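The block underneath contains the structure these notes are about, expressed in structure tokens.
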Amino acid sequence: MQHPLDNPVWHALSGPHAPLAIGTGLARHYPRDMVPFSAIAEPSAEAYADLGRDLPRGLEARLFRPGQESPPPGWDLVSARPILQMVLEQGAAPHRRSPADWDVRELTAADVPAMTALAEAAKPGPFDRRTIELGQYVGMAKEGRLVAMAGERFRLPGFVELSAIAVHPGDRGRGIASRLMIDLCRRAAEHGEIPFLRVF
């Protein structure tokens with residue numbers, strides 16, 4: 001039996017994030033103004049037919065798959081690269097101090113312009129105007145300017161992905177990202193979820 005983390009986007013879009021999902025049958029998509037990801041339940045011709053049904057013409061389907069798979073006829077493999085997935089061990093309690101004068105605060109829709117500007121400077125990966133709707137986001141500001149953020153992206157039964165971990169280039173090397181991740185890990189534990197993240 002497949003582990004949910006072997007196909008996290010499918011398990012998110014057919015589970016907790018189902019109200020956000022576009023698609024039917026064996027394929028689902030996130031709205032592209034949230035994140036540019038899609039999923040198939042299995043690598044079958046039927047699943048790829050479902051995938052293409054709701055994919056706008058000319059737009060690539062970005063999939064997270066557990067291994068290298070050849071797409072069926074009619075599909076071209078544009079890019080494939082391995083991603084490292086890390087899962088926090090159950091019971092682990094991360095601790096680390098951050099600059100004492102910087103407080104972590106929850107970010108809201110009002111912060112999206114500042115979050116988008118930070119994502120453009122720090123380049124943590126896909127971040128768009130509705131990404132904040134996927135979960136909780138936290139951040140740190142300095143002199144009224146958002147300099148760091150981190151949040152939740154894929155949510156599937158029992159797990160939550162930490163994502164958009166970004167620190168402005170001029171403020172790196174001070175343990176700020178660690179402080180934000182610790183905050184999110186503790187929130188996940190309070191909800192009975194195990195945090196994970198993915199990096200190239």
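The values are calculated or read from the model by the stated rules, or taken from the named source; none is laboratory data. Bear in mind the structure is a predicted one, so any value in this text is a computation, not a measurement. Backbone-built Cβ (ideal geometry, glycine too); neighbour counts: all protein chains shown. Just the protein is used for accessible areas: all its heavy atoms, side chains included, with ligands, DNA and RNA removed. Shrake-Rupley method; radii C 1.70, N 1.55, O 1.52, S 1.80 Å.
Dipole magnitude for the stretch 96-200: about 300 debye, using +1 per Lys or Arg Cβ and -1 per Asp or Glu Cβ, origin at the Cα centre. When the chain is treated as a GNM with alpha-carbon contacts under 10 Å, the residue of Arg179, Arg155, Arg129 showing the greatest mean-square fluctuation is Arg129. The mean sequence distance of close C-alpha pairs (under 8 Å, at least 6 residues apart), as a share of the length of the stretch 1-75, puts its relative contact order at 28 percent. Summing +1 for each Lys or Arg and -1 for each Asp or Glu among the other residues whose beta-carbon sits under 13 angstrom from that of Val138 gives -1. The alpha carbon centroids of the stretch 120-175 and the stretch 182-200 are separated by 13 Å. 3J(HN,Hα) along the stretch 54-64, derived from phi through the Karplus expression 6.51 cos²θ - 1.76 cosθ + 1.60 where θ = phi - 60°, amounts to 10, 9, x, 4, x, 9, 6, 9, 8, 10, 9 Hz, with x in place of Gly and Pro. Summed over the residues of the stretch 4-67 and divided among them, the accessible surface reaches 43 Å² per residue at a probe radius of 1.4 Å. For Val199, the solvent-accessible surface computed with a 1.4 Å probe is close to 60 Å², ligands and nucleic acids excluded. Checking every one of the GluC sites (Glu not before Pro) in the stretch 122-168 against DSSP loop status and a limit of 12 other Cβ atoms within 10 Å picks out Glu143. Taking the accessible area of the chain, probe 1.4 Å, and keeping the other protein chains in place, the carbon and sulfur fraction comes to 51%. A helix-only calculation puts the chain at -6000 deg cm²/dmol for mean residue ellipticity at 222 nm, using -39500 (n - 2.57) for each DSSP H run of at least four residues, averaged over all residues.
What is the distance in Å between the Cα centres of the stretch 1-19 and the stretch 51-91? What the calculation gives is 14 Å, centre to centre. Of the trypsin sites (Lys or Arg not before Pro) found in the stretch 1-90, those in coil by DSSP whose Cβ has at most 10 other Cβ atoms within 10 Å are Arg57. Positive end of the dipole of the stretch 102-200 (Cβ unit charges, origin at the Cα centre): among Ala164, Ile194, Phe154, the Cα lying farthest that way belongs to Ala164.
Nearest 10 degrees, 0 to 90: what angle lies between the long axis of helix 112-122 and the longest principal axis of the chain (Cα atoms)? With both axes taken from Cα atoms, the answer is about 90 degrees.
Stretch Glu143-Glu106 to full length: gain in nm at 0.36 nm per residue minus the Cα-Cα span? Computed gain between Glu143 and Glu106 is 11.6 nm. Working note: Karplus 6.51/-1.76/1.60 with θ = phi - 60° gives the stretch 161-177 the couplings 8, 8, 8, 6, 7, 9, 10, 3, x, x, 10, 7, x, 10, x, 5, 4 Hz, where Gly and Pro are set to x.
Each residue of the stretch 16-33 was assigned a 3J(HN,Hα) from its phi angle through the Karplus expression (A = 6.51, B = -1.76, C = 1.60, θ = phi - 60°), giving x, 9, 3, x, 8, 6, 10, x, 9, x, 9, 9, 9, 9, 7, x, 5, 8 Hz with x at Gly and Pro.
Here's how it looks for Lys142: its modeled amide H is under 5 Å from those of Val147, which are all 5 or more places away or on a different chain.
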